[in-house]
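The values are calculated or read from the model by the stated rules, or taken from the named source; none is laboratory data. Computed from a predicted structure; not experimentally measured. Cβ placement follows ideal geometry from the backbone for every residue including glycine, while neighbour counts extend to all protein chains displayed. Side chains are part of the model used for accessible areas, which takes the heavy atoms of the whole protein and leaves out ligands, DNA and RNA. Shrake-Rupley method; radii C 1.70, N 1.55, O 1.52, S 1.80 Å.
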Amino acid sequence: MKAHLLYEDQDFNFGADLPPNHEDLIQDLELTTLLQAMALGDKFLFEVSKRVVLASLEDPEAVVYRQQVLADCLAVPAIIRKMYAIAVGALEDMRGIWGYGSQNPSLLLSRAVKQLEVAVIRLRELRKIADDHAETVHSAGLRMLFHTLQRELDDDYLQTIGHHLKQLRFRDGELISAELDGDNSGIDFVLRSTRKGKSSWKERLGMEPRSSYSFTIPARDDAGAQALSDLTSRGINLVANAAAQSADHISSYFTMLRAELGFYVSCLTLHDRLAAKGVPTSFPEPLPRQPAMLSTTALSDVCLALLAENPVVGNDVNADGKSLVIITGANSGGKSTFLRSVGLAQLMMQCGMFVAAVAYRANLSCGVFTHFIREEDASMTSGRLDEELLRMSAIADQIRPNCIMLFNESFAATNEREGSEIGRQVVRALLDAQIKVFFVSHQFDFAEGFHKQHADSTLFLRAERQANGQRNYKLAVAEPLPTSFGADLYYRFGLWLDEEDHRPPTSGAGEAPVAVQTRGDTSASIQQVPH
């Protein structure tokens, strides 16, 4: 039997290597926050979720297949959690059967029979769920799973298994036939089914002809006991191996079922947490790789939404037909947050999940790559620009057409003219290779250059700044400006460089910003700025 909840015609390969850029994705998109919210401290669910989220699908039909399964799971969450608990319980029961790793056929058979007996109990529970809810679900994945359980685990089959397992306990001893070879050694050992019923009392008293002959090994005849044990082992060797293989097969089935259901259970947990915070979610519409398409309504950074105490701001963006999106505008205006929201939504869509948006439709990509600003190298073995270029070189070796590239303040470690030129050349090369690019930048020279030469094929978004200097964390379609309004932050925190510059900072209602006043010497004072 197969689960086939993640793919229509194959198992998910949980042992496959993660994408070569997975560490950058986890760090830059803060994926650990998302995975922890899905797993709720369960290490197994964390690992399962990580592998499924990072193994992006590239076929729209495969994405829709998972979306439909997940939609069923959201409709009947208690059933899915119960099935997951059954799979976990089955594996714990089977692993809890005591037994050495010995290849002795008698011990091997005894352990396999016990494992199969506890597994059959769990299979009956799964069959009961399938019987009760086969008509409740609508997705191809769950309907196929339930119909498979009903078809392959019908009452006759389960009764037959129970009968065979009872026989394999050999409560009346083993019945083995053999032939003699030319040297009188035993060959062709065959385990026989024991006859039904018991011998009559006349036969036991010797009043009727014997149907069999027997002898008893003396209690102290160790050699005879060993010889009999060897004969028994040879007779049951084949059935012991078959039983052990059957137990391994059922264990593998429960292992795969637990893993695939585990992903959906994690999605249920995440959905509950987002719903509790009032974060809108929806199933995205996956589109073929070309032409370039992306439009979304109220898209938010799911990781920020999980951590924030207050509701987060979503953005509406229509980038259909645009291969390059440049985001500029006010410092602390939500540019990097939007960039992460796009990367997270793309990964969540391509693993069959819902996204944190009212609506989202986009091309499926061949991979998501990130190039975010990093902290200064503490070892001082290289400068920040060196480190950025090395990472870009590694990305160039891995990226391919129809991928998505997310830049966040890249190539800003040098002066604006040089950084802008590096950025322009890198972006042009990526666009020529049919790679969709999102670029957050404070470099006006870089953004203005694309605005003058590629305005038709580029979408320019700008983080809004209100008249009083406050940010509403919304992005609007607007041409780049030569300022990022860094002075707003400067005065927001009450910073001034000399005693004559005492302009009051703009602050929110009820806030008393901290002011750091420096003087000509090395002293400084920290104070609250009165309203």
Mind listing the phi-derived Karplus ³J(HN,Hα) values for the stretch 277-286, rounded to whole Hz, using 6.51, -1.76 and 1.60 with θ = phi - 60°, and x for any glycine or proline?
8, x, 7, x, 9, 7, 7, x, 9, x
Quick one: which residues, 5 or more positions from ALA478 or on another chain, have an amide H under 5 Å from its amide H? H modelled 1.01 Å from N in the peptide plane, none for Pro or chain starts.
PHE460, LEU461, ARG462
For the stretch 45-60, just list the computed ³J(HN,Hα) in residue order, Karplus coefficients 6.51, -1.76 and 1.60, θ = phi - 60°, integers in Hz, with x standing in for Gly and Pro.
5, 4, 5, 4, 4, 4, 5, 6, 5, 7, 8, 5, 7, 10, 10, x
Run the quick spin-label model on LYS277 and LEU18: label points 7 Å from Cα toward the beta carbon, then report their separation in nm to one decimal.
2.2
Percent carbon-and-sulfur accessible area, the stretch 1-157, ignoring ligands, DNA and RNA, probe 1.4 Å:
51
On the principal axes of its Cα set, how long, how wide and how thick is the stretch 1-76? Give whole Å, largest value first.
34, 28, 24
Are there chymotrypsin sites (Phe, Trp or Tyr not before Pro) in the stretch 30-102 that DSSP marks as loop and that have at most 11 other Cβ atoms within 10 Å, and which are they?
TRP98, TYR100
By average C-beta atoms within 10 angstrom, highest first, the peptides 425-431, 343-349, 113-119:
343-349, 113-119, 425-431
The long-range amide H neighbours of ALA292, using H built 1.01 Å from N in the peptide plane and a cut-off of under 5 Å, are GLY321
Would you mind putting 329-337, 383-391 in packing order, based on average other-beta-carbon counts within 10 Å, highest first?
329-337, 383-391
Long-range amide H partners of PHE372, meaning residues 5 or more apart or on another chain whose placed amide H is closer than 5 Å, are ASN408
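Would you please give the FRET efficiency between GLU92 and GLN10, computed as 1/(1 + (r/R0)^6) with r the Cβ-Cβ distance and R0 = 30 Å, to the nearest 0.05?
Numbers: r = 27 Å, r/R0 = 0.89.
Working from the Cβ atoms, E equals 0.65.
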At a 1.4 Å probe radius, carbon and sulfur cover how many percent of the accessible area of the stretch 322-379?
50
In Hz, Karplus ³J(HN,Hα) per residue of the stretch 123-136 (6.51, -1.76, 1.60; θ = phi - 60°; x = Gly, Pro)
5, 4, 5, 5, 4, 4, 5, 4, 4, 7, 10, 4, 8, 7
Mind pulling the per residue volume of the convex hull built on the Cα atoms of the stretch 306-451? Å³ is fine.
141
With r defined as the distance between the Cβ atoms of GLN245 and GLU135 and R0 fixed at 41 Å, what FRET efficiency is calculated, to the nearest 0.05?
0.75
Suppose R0 equals 30 Å. What FRET efficiency, 1/(1 + (r/R0)^6) with r the Cβ-Cβ distance, do ARG374 and SER295 give to the nearest 0.05?
0.45
